[in-house]
Structures are given as structure tokens and as C-alpha cells.
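**Student:** I'd like to ask you about the structure that follows.
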Amino acid sequence: MRSVLYFTCFWAICLVYTSVYAQKREYVIVVHGGAGTISALENNPTLKAVYRAALDTALQTGAEILEKGGHGSDAVLATINYLENNPLFNAGKGATVSAEGFFELDASFMRGSDLNAGAVAGVRTIKNPISAAFTVMNETPHVMLSGEGADRFAKEHGLETVADNHYFATPKTLQQIEEMKKENEKNGTVGCVVLDRFGNLYAGTSTGGMFKKRWGRIGDAPIIGAGTYADNNSCAVSCTGHGEYFIRHVVAFNLCARYKFLNETVEEAANYIIHNELNENEGNGGLIAVDKDGNIAMPFNSPGMFRGFLYKEKDSYMTIKKIGIHKELE
């Protein structure tokens, strides 16, 4: 019996070592801040620079944790917390308003090593929904909590909440409501995927929802397999776009399945789903993904998507970083 146990432990260690050794990159972090028309930035270089700076800060927030040997879960959590607290994005403080005049937030988190996941949907008082999703994953046997129950859960677990739902409103939210009515293809969500130096994949997504949504509508962001998925044997994925279509096509899981079972690269799988299964009229949006070896994909079929990546090559002091809003990456 003891020899069998030693043999099992030996092979488990070998598998972990082989997985980490196979990585081409020491760590990778990819972020997105939503996809859509983004027409307001086309002739406004100052505002464009502000968004680029915010994406850069998001990347650096997570990369600092990874550089110090931290786990990918901490990097995803800190990165999305930053984006939720930045009113530029439709998540947390920058959330958009429902038809009833409330801010209803969704988020999800998934760990690739054991497929454990947590999500919250339709919450109104949780300051940082991604933290609640992370806590659901770690502190309960459930995957998704919703509405008032999720808000109560957050308070019981000491998460930061707000007394007034209109905490999430910003001057930008109020000023842009009329403009947002015209931009009905606007999709707002934030997300982060990470491959850490231990060979583990993580994914998180957070959103303020669809403008003027009704009847407690929930999109893809909190749904594991649709808006978020992570599996150490394939990829980590976070989506942004017209949620109903991303749900119908189970986009995040679909990408991982194509990678595993069709032997497509992460880029091939992501491009096929975004540009063939979905399109700019039915399924407007995009996704970010990183595979188990550190390869990256960031396709979108909308005019623009706030996105960026940062990675460190193995046995190198150099890091590579690119940020984009429209087609170009700089």
C-alpha cells in the first residue's frame, strides 16, 4: 500500500512539474474593459489616452502580484477590483442603470486546477462583485448566488457593501444616458485571465449589465461556461458582448472544447467562435483567452474592444506588453 502511495505521489509531482516546465512564458495576464462601438474615442485622443492608462494600470496591478510569485487568483481579483472601482468601465462604480433605475451587478470567478467556480448575479449593494464571486467559490458548496440572497451573503462574510444603490452612479453615467440610448450596440464588461508561474489558469468577469435591462435580466458574465471559464488542461476565458448570444453558444466553454478536442490553437478557436458562430449583428462583442502554454487570443467583431496583455518570458527579465482599443495594438 505504501509503495502504491509513493508511486502515485511521484507521478502527481511529475505531472505538475511537466505542466509548469511546458509553459513558454513564466506568467501571462490579459484584461478587457468591454467591447462595442466606442465611437466617443475616435476623435478624442485625450479620452483615448485616459482609457489606455487605465488598462495599463490594470495590467500592472496583476503583474506585480505575479512577478512577486503570487498566485493567479490574487492577480485576477486585484485587477478586476481595480476595474470595478474605475468609473470608466461598466462594472462596479461605472455600472449602467436598469429600466427600474437600479444598478444590478454580476460577476464570476473560476479556477482551472479543479474547475471550482463562484458567481453572483443581480446584486445591488456589493461594492466589488468579483470579490463576492471569489468568496462564493471558496466558502460555499454553490456556484451562483443571486439578488438579495447574494447581498446578504456578502454582508455575512464581511465583504464591503454600500448603503445606497446609487453609489454606483457617476456623473458620466447620468450624462451619457441619452447617448447610450443611441449606441444600442454598446457592451460593457471587465475581465481578466491569468496563467501563473505554477501552471494554473484563472478567469474572472464583472459587469454592470445591459442598459435599461428589465425583469431581472442576467447576461453571460456570471454564467460559468458562457462568459467565464478556466481549465488547466486548456484555456482561461473571459467574454464581453451581447450576453444572450454568448449564453446560447456557451462561448467560454466552447473555446476550451475546441482547443481540447479539435486540437485548434487558442487563437484559431477564439477567432472561429467570434467571427463565424457569432457576428457583429448577432453576438456583438469579443473575448480574451490564454492557454496552458501562455498563448493569447483577443478577438472581437465589434468596432472596438478595450484590451491588453502583459507576459514575462521564461528565463528572462523582459516583459512584453500591448494595449489596444480599436484594431491596433501598441
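**Student:** Could you tell me how many of the residues in the stretch 313-323 are surrounded by 21 or more Cβ atoms within 10 Å (Cβ to Cβ) and touching a Phe, Trp or Tyr at 6+ places or on another chain (Cβ under 6 Å)?
**Tutor:** Result for the stretch 313-323: 0.
**Student:** Taking the stretch 50-77 as the search range and keeping residues that are within 18 Å of the chain's Cα centre (by Cα) and either small (G, A, S) or part of a strand (DSSP E or B) (or both), which one is surrounded by the most Cβ atoms within 10 Å (Cβ to Cβ)?
**Tutor:** My answer is G72.
**Student:** Among the residues of the stretch 117-132, what is the count of those that are crowded, with 24+ Cβ neighbours inside 10 Å and in a loop (DSSP other than H, G, I, E, B)?
**Tutor:** The total comes to 1.
**Student:** Restricting the search to the stretch 78-99, which residues are within 14 Å of H32 (Cβ to Cβ) and either hydroxyl-bearing (S, T, Y) or not in a helix (DSSP H, G or I) (or both)?
**Tutor:** T79, Y82, N86, L88, F89, N90, A91, listed by residue number.
**Student:** Among E268, E280, which is the only one that is among the acidic types (D, E), out of contact with any Pro (no Cβ under 8 Å at 6 or more places or on another chain) and over 23 Å from S206 (Cα atoms)?
**Tutor:** Only one candidate passes the filter, namely E268.
**Student:** Shifting gears a bit: When both residues are 6+ apart or on different chains and their Cβ atoms are under 6 Å apart, which pairs have a first residue that lies in the stretch 239-267 and is on the phi < 0 side of the Ramachandran plot and assigned to a strand (DSSP E or B), and a second that is surrounded by 20 or more Cβ atoms within 10 Å (Cβ to Cβ) and aromatic (F, W, Y)?
**Tutor:** So the pair list comes out as C239/F246.
**Student:** So which of L41, L5, L15, L47 ends up being over 17 Å from the mean Cα position of the chain (by Cα), surrounded by fewer than 17 Cβ atoms within 10 Å (Cβ to Cβ) and at pLDDT 75 or above?
**Tutor:** Being over 17 Å from the mean Cα position of the chain (by Cα), surrounded by fewer than 17 Cβ atoms within 10 Å (Cβ to Cβ) and at pLDDT 75 or above holds for just one of L41, L5, L15, L47, which is L47.
**Student:** Go through the stretch 302-327 and give me each residue that's without any contact (Cβ under 8 Å) to a residue 60 or more places away in the chain and within 23 Å of A54 (Cβ to Cβ).
**Tutor:** Within the stretch 302-327, I320, K322, G324, K327 qualify.
**Student:** Output the residue which, of all residues in the stretch 83-116 that are surrounded by 23 or more Cβ atoms within 10 Å (Cβ to Cβ) and among the small types (G, A, S), is nearest to D196 (Cα to Cα).
**Tutor:** G112
**Student:** Answer yes or no as to whether Y272 is in a helix (DSSP H, G or I), in contact with a Ser or Thr (Cβ under 6 Å, 6 or more places away or on another chain) and among the aromatic types (F, W, Y).
**Tutor:** For Y272, the condition - in a helix (DSSP H, G or I), in contact with a Ser or Thr (Cβ under 6 Å, 6 or more places away or on another chain) and among the aromatic types (F, W, Y) - is not met.
**Student:** When the residues of the stretch 279-300 are narrowed to those that are at pLDDT below 95 and among the polar types (S, T, N, Q), which ends up surrounded by the fewest Cβ atoms within 10 Å (Cβ to Cβ)?
**Tutor:** N281
The values are calculated or read from the model by the stated rules, or taken from the named source; none is laboratory data. Since the model is a prediction, treat every value here as computed from it, not as a measurement. Because the Cβ atoms are built from the backbone with ideal geometry, glycine has one as well, and the counts that use them run over all protein chains shown.
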